[in-house]
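Structure first, commentary second.
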Ligand SMILES: [Zn+2]
Ligand SMILES: [Zn+2]
Ligand SMILES: [Zn+2]
């Protein structure tokens with residue numbers, strides 16, 4: 001990412017979620033998008049999105065590090081981080097509508113784990129939610145399609 005001020009290359013400040021320009025001393029704060037995802041680094045990882053095969057970007061949700069596809073907006077996240085995000089966002093649920101039933105077509109989808117390339121297991125999210133998530137038991141990682149995190153958070157709020 002380039003500095004908007006002097007076009008120097010920005011340095012990402014680890015653990016601070018912002019960029020610093022060593023050339024002119026300015027700070028750059030990445031914007032949070034509508035889903036609460038802050039993209040920190042374009043395509044830092046050599047892992048690719050299992051849906052659209054583009055490099056995943058480093059991003060943060062609720063101050064937790066995730067990998068994010070800026071194209072399809074999917075999120076690739078460790079199990080433990082996923083639980084922390086759900087816990088952190090639970091109180092901010094905006095969901096008031098009825099829980100939608102799971103679309104059976106969701107079970108037919110094939111998503112391969114970006115890290116080990118094995119097919120991810122598809123199962124309902126354990127909880128009151130009506131969402132199917134994909135997980136890799138070998139890597140302890142979860143793949144969430146765009147919008148699935150919101151559904152999980154809404155659902156956990158209903159308990
Ligand atoms: Zn600068
Ligand atoms: Zn994608
Ligand atoms: Zn895996």
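Values as computed for the structure displayed
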item	result
Meets criteria (at pLDDT 70 or above and away from ligand 3 (no atom under 16 Å from the Cβ)) for residue 108	yes
Tally, over the range 1-50, of residues that are within 24 Å of the chain's Cα centre (by Cα) and in a loop (DSSP other than H, G, I, E, B)	21
Some residue of the range 83-95 being in contact with a strand residue (DSSP E or B) (Cβ under 9 Å, 6 or more places away or on another chain) and either under 16 Å from residue 142 (Cα atoms) or within 16 Å of ligand 3 (Cβ to nearest atom) (or both)	yes
All positions within the range 51-84 that are assigned to a loop (DSSP other than H, G, I, E, B), closer than 18 Å to residue 13 by Cβ and at pLDDT 90 or above	none
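A quick yes/no check of all residues on (1) buried (at least 16 other Cβ atoms within 10 Å of the Cβ); (2) in contact with a strand residue (DSSP E or B) (Cβ under 8 Å, 6 or more places away or on another chain); (3) not assigned by TED's automatic domain parsing to the domain that holds residue 5:
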{"site": "18", "(1), (2), (3)": "no, yes, no"}
{"site": "21", "(1), (2), (3)": "yes, yes, no"}
{"site": "24", "(1), (2), (3)": "no, no, no"}
{"site": "39", "(1), (2), (3)": "yes, yes, yes"}
{"site": "50", "(1), (2), (3)": "yes, yes, yes"}
{"site": "55", "(1), (2), (3)": "yes, yes, yes"}
{"site": "68", "(1), (2), (3)": "yes, yes, yes"}
{"site": "75", "(1), (2), (3)": "yes, yes, yes"}
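The values are calculated or read from the model by the stated rules, or taken from the named source; none is laboratory data. Small disclaimer: the values here were computed from a predicted structure and weren't measured. When we count neighbours, we look across all protein chains shown, and the Cβ atoms used for this are built from the backbone with ideal geometry, even at glycine.
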